[in-house]
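The values are calculated or read from the model by the stated rules, or taken from the named source; none is laboratory data. All values derive from a computational prediction rather than experimental measurement. Because the Cβ atoms are built from the backbone with ideal geometry, glycine has one as well, and the counts that use them run over all protein chains shown.
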């Protein structure tokens with residue numbers, strides 16, 4: 001499965017993500033990347049100042065692990 005979100009906003013200034021990571025302020029972004037990695041997927045963020053941002057999330061359709069990886073809504 002691939003989910004792509006893009007906008008045509010101002011983009012993220014060069015170096016801004018590295019600065020936030022250095023300050024320990026990428027908790028959500030890193031946890032999303034980590035969770036997708038655990039599932040065998042990936043997360044990529046591309047931002048060009050003045051041209052917008054694109055985020056691409058990839059996850060395999062099926063997970064080989066025995067644990068239940070469904071979202072809360074699906075578990076009901």
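Restricting the first member to region 1-29 and to residues that are more than 16 Å from residue 47 (Cβ to Cβ), and the second to residues that are modelled with pLDDT of 90 or more and surrounded by 12 or more Cβ atoms within 10 Å (Cβ to Cβ), the beta-carbon pairs closer than 6 Å and six or more apart or on different chains are 1/59; 2/58; 3/57. In region 20-51, what count of residues is obtained for those that are in a helix (DSSP H, G or I), surrounded by 12 or more Cβ atoms within 10 Å (Cβ to Cβ) and over 15 Å from the mean Cα position of the chain (by Cα)? Result for region 20-51: 1.
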